[in-house]
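The values are calculated or read from the model by the stated rules, or taken from the named source; none is laboratory data. Just so it is clear, the structure is predicted and the values come from calculations on it, not from any experiment. Cβ atoms come from the backbone with ideal geometry, glycine included; neighbour counts cover every protein chain shown. Ligands, DNA and RNA are excluded from the accessible area calculation, which covers all protein heavy atoms including side chains. Shrake-Rupley method; radii C 1.70, N 1.55, O 1.52, S 1.80 Å.
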Amino acid sequence: MHISEGVLSAPVLISTGAAGAALTVFGFYKMKTEMLAKTALMSSLFFVGSFIHIPVGPTSVHLVLNGLVGAVLGVCAFPAIMVALVLQALMFQFGGFTTLGTNILVMALPALAGYYLFRLGMKTAGKKRWALFFLTGGVPVLLSAVLLSAVLALSGSRLYDTAKAIFLMHIPVIIIEGIVSMYLFNFLNKVYPDFLRTEYEN
Amino acid sequence: MRFSPAACIFCAAVYSCMVAFRQQIIPADAVFAAGVMLLRINFLPEYFFRILKLNLMILFICATVYLFGDDARHALLIFLRYNLIVCATAAMFCGMNSTDFYYGFYTLRLPHKFTVLLFFAVKYIEIIGNEYEKMRNSLKVRNFRPKTDAFTYRTLAYLLGMLLVRSMDRAQALTQAMKMRGFSGRLYPFNFRPFFPADVVAAALLVFQFILIYGGLV
């Protein structure tokens with residue numbers, strides 16, 4: 001899901017970088033001191049999530065978990081995802097300095113969709129709730145894949161087919177993430193409902 | 001040679017910006033990356049294999065640009081830009097751990113909210129990593145074999161859920177312990193990572209690279 005260094009054009013890098021930076025600053029501004037532990041925990045879970053491989057046929061995919069981060073943190077997902085991306089860039093060279101803002105935008109902006117879908121899910125019951133929990137995990141990954149493909153396509157017509165291929169590669173991840181999130185939110189709701197409370201903004 | 005984390009972060013960020021916006025790569029662009037790789041030659045096996053692995057994804061992107069976008073020049077430009085940045089950063093950062101990066105950002109005087117969040121995230125990655133390892137092992141001893149079925153996805157979702165519950169308990173205990181010691185959203189580390197003589201060499205290389213690119217020498 002990370003955009004590598006050197007792929008995007010300068011105008012796309014600058015505009016998405018500025019948007020990602022502005023949203024992260026807003027996220028930090030909204031983050032209370034009491035919310036620090038939870039934000040850091042979700043940040044580290046987002047980091048560790050990239051090591052959790054889930055089998056899909058003969059191959060495997062790793063979880064993105066931006067829906068989960070968004071559902072738990074809301075707008076604080078921006079700083080949480082930013083810190084995880086910084087660590088991934090420094091420790092494993094996934095992403096990088098010039099694409100940091102773009103990667104934040106691609107992964108953290110759709111996390112907000114997870115937040116609203118999750119709130120909606122908590123207000124319902126039965127099969128509708130299961131479906132909304134599925135969407136809480138799946139829709140942010142779908143939106144991230146769309147944004148990722150869009151920034152690639154905006155970087156030049158030569159990257160159109162790359163954008164299409166990358167979008168298609170993410171379809172299994174969207175489904176798996178949705179299924180895992182469906183079970184996960186149901187589990188958390190039963191075992192640790194306090195964890196899903198959202199009294200965090202200033 | 002050993003660099004300080006702060007110098008590495010600063011140099012890598014500046015060099016990445018210098019290379020990522022280039023529309024044409026010339027041999028002079030590789031001076032900093034080659035210099036850093038030479039200075040860190042004792043870590044060569046470590047960063048060499050990492051660079052090889054990282055190239056798999058960029059080769060896929062370059063191949064699609066070459067085959068479907070029909071632009072060999074642009075595919076080569078992406079490949080070279082990526083590799084120059086990755087060679088420099090992989091060589092500089094290999095052998096460092098996440099705590100070093102916290103000290104690096106702290107030394108660079110980044111906002112406290114960011115450095116404190118980074119510090120906690122680094123601590124929790126260790127906690128979550130250990131908990132995850134324990135749970136995976138307990139699944140293994142129960143002969144759990146991941147497959148493409150609902151049982152596997154449910155089990156892994158519950159594993160993730162338990163990981164969150166247990167880590168949150170540990171995280172809250174850590175936060176309470178820090179609050180008891182007067183934590184109010186700011187950390188005052190006393191164990192800095194000092195600057196090393198090699199940092200001067202890295203800075204000189206970076207300045208030389210800057211002059212080469214923007215000074216019109218080549």
Original post:
Being more than 19 Å from residue A:66 (Cα to Cα) and open to solvent by 10 Å² or more (accessible area, probe 1.4 Å), is that true of even one residue in the range A:21-32?
Top reply: yes
Subject >> Checking residue B:75 against (1) part of a helix (DSSP H, G or I); (2) out of contact with any Phe, Trp or Tyr (no Cβ under 6 Å at 6 or more places or on another chain); (3) open to solvent by less than 70 Å² (accessible area, probe 1.4 Å); (4) within 9 Å of another protein chain (Cβ to nearest Cβ), the condition it does not meet >> reply: (2)
**OP:** Go over the candidates A:129, A:119 one by one and state the one that is more than 10 Å from chain B (Cβ to nearest Cβ), basic (Lys, Arg), part of a helix (DSSP H, G or I) and over 30 Å from residue A:25 (Cα atoms).
**Re:** A:129
Original post:
Residues of the range A:1-52 being at the interface with chain B (Cβ under 8 Å from one of its Cβ atoms), closer than 27 Å to residue B:116 by Cα, of a type in the set (A, V, I, L, M) and without any contact (Cβ under 8 Å) to a residue 24 or more places away in the chain, which ones?
Top reply: A:36, A:37, A:41, A:48, A:52
**OP:** Please work out if residue B:167 is polar (S, T, N, Q) and open to solvent by 30 Å² or more (accessible area, probe 1.4 Å).
**Re:** no
**OP:** Would you check if there is a residue in the range A:181-202 being more than 11 Å from every other protein chain (Cβ to nearest Cβ), open to solvent by less than 20 Å² (accessible area, probe 1.4 Å) and farther than 30 Å from residue A:9 by Cα?
**Re:** yes
Original post:
Which of the residues belonging to the range B:128-161 are open to solvent by 30 Å² or more (accessible area, probe 1.4 Å) and over 24 Å from residue A:59 (Cα atoms)?
Top reply: B:130, B:134
**OP:** Would you check if residue B:154 is among the basic types (Lys, Arg), closer than 22 Å to residue A:64 by Cβ and touching a residue at least 12 places away in the same chain (Cβ under 8 Å)?
**Re:** no
**OP:** Go over the candidates B:19, B:31 one by one and state the one that is open to solvent by less than 60 Å² (accessible area, probe 1.4 Å), in contact (Cβ under 8 Å) with a residue 60 or more places away in the chain and at the interface with another protein chain (Cβ under 9 Å from one of its Cβ atoms).
**Re:** B:19
Original post:
What single numbered condition from (1) of a type outside the set (Lys, Arg); (2) crowded, with 17+ Cβ neighbours inside 10 Å; (3) out of contact with any helix residue (DSSP H, G or I) (no Cβ under 6 Å at 6 or more places or on another chain); (4) in contact (Cβ under 8 Å) with a residue 12 or more places away in the chain fails to hold for residue A:55?
Top reply: (4)
**OP:** Run down B:122, B:65 and say which single residue is open to solvent by less than 30 Å² (accessible area, probe 1.4 Å), touching a His at 6+ places or on another chain (Cβ under 8 Å) and within 10 Å of another protein chain (Cβ to nearest Cβ).
**Re:** B:65
Original post:
Would it be correct to say that residue B:26 is open to solvent by 20 Å² or more (accessible area, probe 1.4 Å) and more than 19 Å from the chain's Cα centre (by Cα)?
Top reply: yes
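Given A:109, A:143, which one is in contact with a Pro (Cβ under 6 Å, 6 or more places away or on another chain), open to solvent by 50 Å² or more (accessible area, probe 1.4 Å), modelled with pLDDT of 90 or more and among the hydrophobic types (A, V, I, L, M, F, W, C)?
Checking each option against the conditions leaves just A:143.
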**OP:** For residues that are under 16 Å from the mean Cα position of the chain (by Cα) and without any contact (Cβ under 8 Å) to a residue 24 or more places away in the chain, scanning just the range B:73-101, find the one that is nearest to residue B:35 (Cα to Cα).
**Re:** B:97
**OP:** Could you tell me whether the range A:88-97 includes any residue that is at the interface with another protein chain (Cβ under 8 Å from one of its Cβ atoms), closer than 18 Å to residue B:122 by Cβ, open to solvent by less than 10 Å² (accessible area, probe 1.4 Å) and assigned to a helix (DSSP H, G or I)?
**Re:** yes
Original post:
For the range B:140-181, what are the residues that are more than 25 Å from residue A:178 (Cα to Cα) and β-branched (Val, Ile, Thr)?
Top reply: B:141, B:175
